[in-house]
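For reference, the structure is listed below as structure tokens.
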Amino acid sequence: MMPVSMVGRAGELAELDRAWSAVAAARRSAPAVAVLTGAAGVGKSLLVAAAVDAFAPRPALVLSGAARVHGPAPYDWLAAVLTGRDTSRLGLPSDALAWLAQQPTAPRERYAPGTLLRLAVRTVQLLVGAGPAVLVVDDLHALDPASVNLVGELATVADLPALLVVASRPPADAVAPDLTRRALARLSGVRGAVRQHLGPLRPAEVAEVLTQVYAGSTPSGRLVTSLWRCTGGNPYALTELLAAHASEGPEALLRRLPGPRPPRQPTAPRAPASAADAVVDVPLDPELTAREVEVLGCLVAGMSNKQVAKALGISVRTVTVHVSNLLRKTGSVSRTEVALWAVRHRLPVPAPVD
Ligand SMILES: Nc1ncnc2c1ncn2[C@@H]1O[C@H](COP(=O)(O)OP(=O)(O)OP(=O)(O)O)[C@@H](O)[C@H]1O
Ligand SMILES: [Mg+2]
């Protein structure tokens with residue numbers, strides 16, 4: 001399948017472009033901030049990449065970093081930014097730079113945390129120079145605390161002619177929820193900050209994706225609705241499902257998807273009333289407990305751990321245990337992948353929320 005190009009998000013793109021235009025017109029020397037949040041796979045990274053790609057005038061400099069998979073170290077964002085960059089002319093202590101860049105030759109002796117933070121901010125200021133630049137921080141929710149701190153500092157430093165674009169999953173899904181919550185609040189509180197929370201795709205946008213995949217032919221309403229329901233409009237789940245099965249043709253794809261829900265069988269009353277009530281009672285994979293299936297249904301609906309906890313009347317900590325069991329049992333590396341697994345195995349999914 002050809003890669004699907006981005007659908008929807010026109011308003012978000014335009015807003016980000018306006019923020020960049022203001023920075024590029026040098027109307028301020030303090031950074032402008034744009035904060036994008038949304039569930040896993042909702043399209044944050046794609047939107048940021050598409051927006052930066054379309055910025056006019058072209059940014060002279062884009063400094064971009066994301067949390068790296070292999071055990072984030074302090075200042076991981078900056079280390080990613082510094083990778084392959086010549087820093088010899090910045091006039092900063094080379095041992096500190098080596099440390100910030102996580103070079104293996106870096107001295108073991110560490111600078112005091114406050115000094116390192118100041119050096120990290122200074123490094124970014126020197127790289128940006130007269131700017132204007134774009135700083136991209138993807139996956140704030142997965143970054144090490146030092147990087148999160150640095151990003152917060154950069155947003156409020158006086159002399160940094162740049163647009164700082166930060167993408168994050170909601171704090172409840174973060175490695176350090178409180179830290180992420182505070183950082184997002186600090187970033188969003190910067191004067192004039194752009195704040196976008198991305199929701200799932202709407203049925204019309206799912207139809208647009210299908211039109212791309214099936215080379216311009218109009219998809220049937222039933223296929224659109226079924227796909228929208230079973231992916232919850234999550235673009236990641238949608239594009240993965242299509243990558244795996246679109247080649248079989250629209251009819252075969254439709255047969256693969258769960259049909260309309262059968263009427264619920266009367267069951268013993270269960271308290272509290274929850275999103276799990278929307279889950280159809282059908283035979284389940286023997287390896288999953290009933291509770292895990294309920295949690296799975298919530299994940300398919302794109303809920304955060306906090307929302308799942310509220311819906312099922314259990315603690316967030318218990319939800320995280322269920323989620324990690326689900327990851328293990330399904331061999332998935334992320335909650336989005338688990339949700340996709342559910343779709344592939346035609347497990348019951350919650351009714352869509354209108
Ligand atoms: N608006 C969209 N139109 C079409 N495809 C999309 C759209 N948004 C995202 N996708 C596709 O969905 C997948 C997931 O998108 P992306 O990686 O941007 O999500 P994310 O929000 O950054 O997820 P994560 O929280 O895991 O970082 C990608 O394959 C992307 O191409
Ligand atoms: Mg992403």
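The values are calculated or read from the model by the stated rules, or taken from the named source; none is laboratory data. Everything quoted here is computed from the prediction, not taken from an experiment. Here the Cβ is made from the backbone with ideal geometry for all residues, glycine too, and neighbour counts use every protein chain on show.
Things to note:
- Among residues of region 32-57, those that are modelled with pLDDT of 95 or more and closer than 22 Å to A130 by Cβ, counted: 5
- Output for region 24-42, where each listed residue is in contact with a Ser or Thr (Cβ under 7 Å, 6 or more places away or on another chain) and in a strand (DSSP E or B): V35, T37
- Index of the failed condition, E15 passing every other in (1) among the charged types (D, E, K, R); (2) at pLDDT 95 or above; (3) more than 25 Å from V157 (Cα to Cα): (3)
- Residue within region 171-178 that is more than 16 Å from ligand 2 (Cβ to nearest atom), without any contact (Cβ under 8 Å) to a residue 12 or more places away in the chain and farther than 19 Å from A120 by Cα present: yes
- Any hit, region 137-144, residues being out of contact with any Asp or Glu (no Cβ under 8 Å at 6 or more places or on another chain), more than 16 Å from ligand 2 (Cβ to nearest atom) and not basic (K, R): no
- Tallying residues that are buried (at least 21 other Cβ atoms within 10 Å of the Cβ) and more than 16 Å from ligand 1 (Cβ to nearest atom) within region 114-143 yields 9.
- Every residue from region 33-51 that is surrounded by fewer than 19 Cβ atoms within 10 Å (Cβ to Cβ) and either at positive phi or more than 9 Å from ligand 2 (Cβ to nearest atom) (or both): A49, A50
- Any helices (runs of 4 or more DSSP H) falling wholly within region 249-318 and containing at least 2 residues that are at pLDDT below 85 and under 23 Å from the mean Cα position of the chain (by Cα): 290-300
- Every listed requirement among (1) crowded, with 23+ Cβ neighbours inside 10 Å; (2) more than 16 Å from ligand 2 (Cβ to nearest atom) is met by A167 save one, (2).
- Cβ pairs under 8 Å, 6+ apart, first in region 195-207 and in a helix (DSSP H, G or I), second among the aliphatic types (A, V, I, L, M): P203/V224; E205/V7; V206/V224; V206/L227; V206/L238; A207/V224
- Applying the criterion of being of a type in the set (A, V, I, L, M, F, W, C), buried (at least 16 other Cβ atoms within 10 Å of the Cβ) and away from ligand 2 (no atom under 16 Å from the Cβ) to the residues of region 14-32, the residue that is farthest from L238 (Cα to Cα) is A30.
- Residue count for region 103-132, restricted to those that are in contact (Cβ under 8 Å) with a residue 40 or more places away in the chain and of a type in the set (S, T, N, Q): 1.
- For region 210-236, the set of residues classified as in contact with a Ser or Thr (Cβ under 8 Å, 6 or more places away or on another chain), within 21 Å of L299 (Cβ to Cβ) and part of a helix (DSSP H, G or I) consists of Y236 only.
- Filter result for the condition that a residue is within 13 Å of ligand 2 (Cβ to nearest atom) and over 22 Å from R182 (Cβ atoms), over S64, S94: S64
- For region 29-42, the set of residues classified as among the hydrophobic types (A, V, I, L, M, F, W, C) and within 13 Å of ligand 1 (Cβ to nearest atom) consists of L36, A39, A40, V42, listed by residue number.
- Single residue of S45, S64 found to be closer than 16 Å to V124 by Cβ, within 16 Å of ligand 1 (Cβ to nearest atom) and not in a loop (DSSP other than H, G, I, E, B): S64
- Test for L150: is it within 16 Å of ligand 1 (Cβ to nearest atom) and touching a Phe, Trp or Tyr at 6+ places or on another chain (Cβ under 7 Å): no
- Every residue from region 294-329 that is surrounded by 21 or more Cβ atoms within 10 Å (Cβ to Cβ), out of contact with any Pro (no Cβ under 8 Å at 6 or more places or on another chain) and among the polar types (S, T, N, Q): N305
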